[in-house]
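Asker: First, the structure itself, so that you have it in front of you.
The values are calculated or read from the model by the stated rules, or taken from the named source; none is laboratory data. Computed from a prediction, not measured in an experiment: that's the story for all the values here. Virtual Cβ from ideal backbone geometry, glycine too; neighbours counted across all protein chains shown.
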Amino acid sequence: MADGRRVYDAWVAIHQAAIVLERAVDVRLRPWNLSGSQAGALAVLATHGPQRMSDLARYLLQQTQTTTDLVDRLEQRGLVRRIRHATDRRVVLVEATEPAQQLLREIDGAGWEIGREAIGALNEDELDHITDVARRVRNRAAELGGVPAEHLTYAEERLRIDPLTSEFAAAAD
């Protein structure tokens, strides 16, 4: 087991990196009055179509109530709407509206630029290494915190968004 000082230093570095990345995205999206979580939710809905609130929450790694509050704010702005599932009328889905799709085209990946600028400076070996290490830390922390494993890989496996392609524009057209 690593000594306490190294564990502490790694913890602080990982925690600060995550917070600073999130804040930088929020600053970049401020001209559109969006947070990174809101933009992420809109991007998922525009790319993958209507989603259950619980699936959107899983993608964002949020509690369903937190996602409901986020969706409420987006709905007030006319960027999403709630609809009934076509075959199971008990199920409510959230979908992006045309104004949301237009907004995503206008934003044109502004939030993703933070990742390209901050993380994209690493070489391929460093990217592979940091991805592996971050996933291992995430997975162990999830075990300790009771976060289901399938929630962790949801964004990578089921609701993948590739910021380097024109999927946003294609989905929004």
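Asker: Residues to consider are 49, 78; find the one that is at pLDDT 95 or above and small (Gly, Ala, Ser).
Answerer: Selected residue: 78, the only one of 49, 78 that is at pLDDT 95 or above and small (Gly, Ala, Ser).
Asker: Within region 128-142, how many residues are modelled with pLDDT under 95, surrounded by 12 or more Cβ atoms within 10 Å (Cβ to Cβ) and not β-branched (Val, Ile, Thr)?
Answerer: 6
Asker: State all residues of region 21-78 that are aliphatic (A, V, I, L, M) and not in a helix (DSSP H, G or I); if no residue qualifies, say none.
Answerer: 34, 61
Asker: Something else about it: Just one of (1) more than 22 Å from residue 157 (Cβ to Cβ); (2) assigned to a helix (DSSP H, G or I) trips up residue 127, so point out which.
Answerer: Condition (1) is where residue 127 drops out.
Asker: Could you tell me whether residue 86 is surrounded by fewer than 20 Cβ atoms within 10 Å (Cβ to Cβ) and farther than 21 Å from residue 157 by Cβ?
Answerer: yes
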